[in-house]
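Novice: First the structure, which I've put down as C-alpha cells, then a few questions once you've had a look.
The values are calculated or read from the model by the stated rules, or taken from the named source; none is laboratory data. These figures come from a predicted structure and were not determined experimentally. Using ideal geometry, Cβ is built from the backbone for each residue, glycine included, and neighbour counts are taken over all protein chains shown.
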Amino acid sequence: MKYYILSLVASVCSAYPANADVHIYLKNCSDYPVDFKVYDGADSLAFVPYKTGRLDERDPQSSDASEHKTSCSFGEKCKLRLTPKHFDKDLAKIIAVESQRHLRITTIEPQYFPYQDANGNHSFKSAPVVTYEITRDERECKETPTSVKILKF
C-alpha cells in the first residue's frame, strides 16, 4: 500500500509542467540609453521586478545595435517598463511582450512642456516619446518598422 501511494504521488507530481523562464529580446536603435525593468506577466502591481538592466544607446559607428536577451519567470508574456535616460520626466507605462518576441526601440525624441516652479519661474521640462515595435524575429535598426507603437509621458 505504501508503494502504491508513493507511485500515485509521483505520477501526479510529474504531470505538471515545470515553470520555465519566458524569454524576450530587446534592442535599442535610439540615441538615448534606456533602463528597463522586467516583471512577470501575471504581476498586476508590477512592483518588484524580476530583472533589471540597461540598453546602451546605439553606437553611430556600428551598422546595427546589439540585441539583449532577458526574461521573466511566469506566464506567457513579460511586462516591461522602459526608462529612457537624460529626461526630466519618466514614462510610467508598462508594455506587455509575449514570449520569444523582439522589442526594437526605433527612436526616442524629446517632448517639451511648460513648467512653473514654486517661485513662479517659467521653464520647460522634457519627457521622452518612444517609438517601438514588437516582432516575431530580430530586425536591424536600418529596417523600416511595420507596426509602430508610441509611448508618451
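Novice: Being assigned to a loop (DSSP other than H, G, I, E, B) and touching a residue at least 12 places away in the same chain (Cβ under 8 Å) is the requirement here; does residue 125 meet it?
Specialist: Against the criterion (assigned to a loop (DSSP other than H, G, I, E, B) and touching a residue at least 12 places away in the same chain (Cβ under 8 Å)), residue 125 does not qualify.
Novice: Could you identify the single residue in 116, 100 that is in contact (Cβ under 8 Å) with a residue 40 or more places away in the chain and over 17 Å from residue 36 (Cα atoms)?
Specialist: Checking each option against the conditions leaves just 100.
Novice: Also: May I ask you to verify whether residue 57 is out of contact with any Lys or Arg (no Cβ under 7 Å at 6 or more places or on another chain), buried (at least 17 other Cβ atoms within 10 Å of the Cβ), closer than 19 Å to residue 32 by Cβ and acidic (Asp, Glu)?
Specialist: Criteria met by residue 57.
Novice: With the condition kept exactly as written, say whether any residue in the range 71-82 is in a loop (DSSP other than H, G, I, E, B), touching a Phe, Trp or Tyr at 6+ places or on another chain (Cβ under 6 Å), at pLDDT below 95 and of a type in the set (S, T, N, Q).
Specialist: yes
Novice: Kindly check whether there is at least one residue in the range 108-129 that is touching a Ser or Thr at 6+ places or on another chain (Cβ under 6 Å) and either surrounded by 17 or more Cβ atoms within 10 Å (Cβ to Cβ) or within 17 Å of residue 22 (Cα to Cα) (or both).
Specialist: Yes: one or more hits.
Novice: Taking the condition out of contact with any helix residue (DSSP H, G or I) (no Cβ under 8 Å at 6 or more places or on another chain) and modelled with pLDDT of 95 or more, does residue 146 pass?
Specialist: no
Novice: Please tell me if residue 133 is over 17 Å from residue 35 (Cα atoms), charged (D, E, K, R) and outside any strand (DSSP E or B).
Specialist: So residue 133 fails the test.
Novice: Another question about this same structure. Check 96, 92 and return the single one that is surrounded by fewer than 13 Cβ atoms within 10 Å (Cβ to Cβ) and under 30 Å from residue 20 (Cα atoms).
Specialist: After ruling out the rest, the residue left standing is 92.
Novice: Kindly indicate which of 132, 115 is modelled with pLDDT of 95 or more and of a type outside the set (Gly, Ala, Ser).
Specialist: 132
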